[in-house]
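The values are calculated or read from the model by the stated rules, or taken from the named source; none is laboratory data. The structure presented is a predicted model; accordingly, all values stated were derived computationally and were not measured. Here the Cβ positions follow ideal geometry from the backbone for every residue, glycine too, while neighbour counts run over all protein chains shown.
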Amino acid sequence: MKTKTWLAGCIIAGLAALPSAALADYPEKPIEMIVAFAPGGGTDVAARSIARFMEKHLGGGARIAVVNKPGAGGEIGWTELARAKPDGYTIGMINPPAFNSLVVEGKAKYTTDDFQPIGNMVYDPGILVVGKDSPYKTLADLIEADKKAPNTIVIGNSGAVGSSDHIGLLNLNRQAGTTFKPAFFGSTAPVRQALLGGHVPAATMNLSEAVQLARSGDIRILGIMAEERSKALPDVPTFRDQGIDLVVTTSRGLAAPKGVPLEILAKLQAALEAAMNDPEYRDAAIKAEIPLHYLNAEDYKALIDLISKNLAETWKVTPWR
Amino acid sequence: MIDALLSALPLVFEPANLFAVLLGTVAGLVVGALPGLTVTTGIAVLIPLTFGLDPLFALGMMAGMYNGGSYGGAIPAILLRVPGTPASVATILDGYEMTKQGKAAYALQVAVVSGVIGSVLSAISLIIFAPGLVKLSLLFGPAEYFWVAILGLATVASLLGDDFLKGLIATVIGLLIGTIGTDISSGTERYTFGLLEFADGLDIVVLLSALFAIPPVLMMIEEALKTGMPGDLLKLKRQGSVLADWRRYLPIWMRSSVIGIIIGVLPGAGGSMSCYLAYNDAKRASRQPETFGKGNPEGVAASEAGNGADNAASLIPALTLGIPGSGVAAVILGGLLVHGLRPGPQLFAEHPDVVYGFMVQMLLSAVMLAVVGGLTATRIFGQALRLPRVVLAPVIMLFVTVGVYAVNNTMFDLYTLLGIGLVAYMLDKLDYPNAPIILGVILGPIAESQLLLAMTISGGDPMALVSSPMSMIMIALTLFVLATPLWTVWKQRRRSSVEPAK
């Protein structure tokens, strides 16, 4: 598959970059983009799409080959990225907060300082949802039901233990004094189905995974775990609107190993920014309901550090593993 | 619905879009036939390439890739005893036996005709039932899925082979392998020996290749050493016509397709389960169940019809609710989104021409498969078998190692492949069947995690497992599957005691 991707990259790069004549010295050979998840997943599709546009904006016939190194919840790929030569020819996708929580748990063979962020692409907040026929109309209803019968309400979880969903629920329990129990479904499709079929009373997942069902009225979002409301669903309140300071979002961004020469970092950052502003890319992303949110290297680093700090605090009070 | 269908037809039959379906079908055949490359990977690579193209061109390629790849897996399964895709394992059981008996051409013909019939019926059911069938899948919660997995495990009874005890041991080996990895509810690692590479359990593609590809390669080498360079046992001449024998296969095609469609609609169960259930059903219904696994073409027909019927049906919940019925459907969902097609009930109202066009393309690619897969592919891939064994063995080994490496891009998987492959070779020599192993690996973790979920949701009340009508139906089916072999044995004993003279 590597060869295939490479070939595909060649063809596209050949077609897209024919006119640009000025050949800068970087990149002189194909850039490897490590994806720590399997082909076909959200991160993989995001990587393959942005790679195509970054090739265009790097110019000079630049090629980016996406290489999947899945396993252990991303740890295999991220460890490899951390250990890669910092010459700008190995970059990769990172997914905070999962990326950070492995470090906070003391499990990872890397630290967040082993990376040089290039920029953030996607910012997808967590949400709490119920089915359309649920008796819980608002967040307050659900919290009240829990207070009446503690330890009985099960919330479907789109991830595993330690996922951003799980951490969101732990924080909710801590801040609202509730006793919701998570049921781990491992991925989004099964928990969405269980929610629609009424097998679980409520569920947590990411906003982009529920926008369509919320719009069609099949599910009701009780709260978004973000600082502000979503442009896609302006009527849906955040947790902050309802008096609970709960902010848990997942992000997808690009990073290189620490120590990449500054001029190469600048080129990569500029290419990412230009790719994200490319009308064709923006158009496709908006159609696909991908919540794009560009942050430059500096801002992305600050975000990653903030996520680590919050996670460490949660870990101290309620270690999830 | 008829209006939407009619307005979509001209778009589907535009030359460019027709070509896209054809291109996808051929590419799918190749991807499916190469061990290690899965349809999921093929479509994942395709999506970014089709970014700026017309939606129906892109979707046509995906539809072709899906049906083509799903059948492609049967080619090496029949000719080489190497499953091209996880779903083709059940096809090996009788398909490779037929090749050994010199009936490879007939086996391939049965496979392609059955696959086409399954895919066509599946595509038709997609077009007709899409919104209605979704209600069925919503009835399945964790408790119901637990029983589906148990039903699948019960079908092991029909895969055990001649030696009951060895079959059970093989199943337990599979269940034990299935426990390797990280438990998603507690984060506890089991049997990973501290290796990151084992944290998600053994990769199913690696395991399949090790169990099914390595032993035959080693046997080929062994044979070549003993006999030098034997003449080819393969005759790819016309060996009867499947269509002429349609009366024999019709009931199998119908039942297997229904099974495939139902399993396809249920998210999470996926292709390999529908093949096993269809295979088991055909064996159960047969008058000579003992001929299954020994080169009975009905086994190939059941497995491939079930496999094909799974395809379009798994798109039903994907298109109408955004819930993919299989890994491939999940990737296609991503492909739809890239083209601005938001799955859900409104999809059918907002973009009827594209949705109906896509569904017609699923049907079209199934029909094209009959032409492309039947004639061309069989001839081309069949040539592989004409190679002398001393050449063929390393060629297969090459394909398998490249394919396995491509899954995770890591050497670790190749070491695992070799290690498990050697063990599998020994098990093969000792006459342990390997199909029950793979079934245990696939179904064990499903049964465990769904049981755990059901218990979490019910607060530990075991009655939750039997409370819904759907659970009861699954339990009844399981008992039925388990009782059938006993009933046959009892009947045989009775017959032999009634007619002792014979």
Please count how many residues of segment A:28-39 are part of a loop (DSSP other than H, G, I, E, B) and within 12 Å of another protein chain (Cβ to nearest Cβ).
4
Take the conditions of a type in the set (Lys, Arg), at pLDDT below 85 and under 19 Å from B:Leu153 (Cβ atoms) and apply them to B:Arg238. Does it pass?
no
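Can we say A:Ala189 is buried (at least 20 other Cβ atoms within 10 Å of the Cβ), modelled with pLDDT under 90 and touching a helix residue (DSSP H, G or I) at 6+ places or on another chain (Cβ under 8 Å)?
Values: buried (at least 20 other Cβ atoms within 10 Å of the Cβ): yes; modelled with pLDDT under 90: yes; touching a helix residue (DSSP H, G or I) at 6+ places or on another chain (Cβ under 8 Å): yes.
Here the answer is yes, as A:Ala189 does meet what is asked.
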Name the one entry in A:Gly42, A:Gly92 that is within 14 Å of another protein chain (Cβ to nearest Cβ), at pLDDT below 90 and under 22 Å from A:His293 (Cα atoms).
A:Gly42
Segment A:207-220: number of residues that are crowded, with 24+ Cβ neighbours inside 10 Å and in contact with a Pro (Cβ under 8 Å, 6 or more places away or on another chain):
1
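Restricting attention to segment B:35-54, and to residues there that are touching a Phe, Trp or Tyr at 6+ places or on another chain (Cβ under 8 Å) and modelled with pLDDT of 75 or more, which single residue is farthest from the other protein chains (Cβ to nearest Cβ)?
Here is the first cut: in segment B:35-54, the residues touching a Phe, Trp or Tyr at 6+ places or on another chain (Cβ under 8 Å) are B:35-36, B:39, B:43, B:50.
Checking which are modelled with pLDDT of 75 or more leaves us with B:39, B:43.
Values: B:Val39: 10, B:Ile43: 7 Å.
Within segment B:35-54, the match that is farthest from the other protein chains (Cβ to nearest Cβ) is B:Val39.
Across segment A:285-307, what is the number of residues that are assigned to a helix (DSSP H, G or I) and more than 14 Å from chain B (Cβ to nearest Cβ)?
Of the residues in segment A:285-307, the ones assigned to a helix (DSSP H, G or I) are A:285-287, A:297-307.
Right, trim to more than 14 Å from chain B (Cβ to nearest Cβ) and you get A:297-307.
Residues that pass the stated criteria total 11.
Specify which of the listed residues (B:Ser471, B:Ser449) is assigned to a helix (DSSP H, G or I), farther than 15 Å from B:Ala213 by Cβ and in contact with a strand residue (DSSP E or B) (Cβ under 9 Å, 6 or more places away or on another chain).
Values: B:Ser471 fails: in contact with a strand residue (DSSP E or B) (Cβ under 9 Å, 6 or more places away or on another chain).
When all the criteria are applied, what remains is B:Ser449.
Do the conditions hold for B:Asn409, that is, is it more than 28 Å from B:Leu93 (Cα to Cα) and either at pLDDT below 85 or buried (at least 21 other Cβ atoms within 10 Å of the Cβ) (or both)?
Details: more than 28 Å from B:Leu93 (Cα to Cα): yes; either at pLDDT below 85 or buried (at least 21 other Cβ atoms within 10 Å of the Cβ) (or both): yes.
When the stated conditions are applied, B:Asn409 passes them.
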Of everything in segment A:51-81, what is surrounded by fewer than 23 Cβ atoms within 10 Å (Cβ to Cβ) and more than 13 Å from chain B (Cβ to nearest Cβ)? Give them in sequence order.
A:His57, A:Gly59, A:Gly60, A:Gly61, A:Arg63
When you check A:Ala226 against the structure, is it outside any strand (DSSP E or B) and in contact with a Pro (Cβ under 7 Å, 6 or more places away or on another chain), yes or no?
yes
Of all the helices (runs of 4 or more DSSP H) wholly in segment A:104-203, which have at least 3 residues that are within 14 Å of chain B (Cβ to nearest Cβ) and in contact (Cβ under 8 Å) with a residue 12 or more places away in the chain?
A:164-176, A:188-196
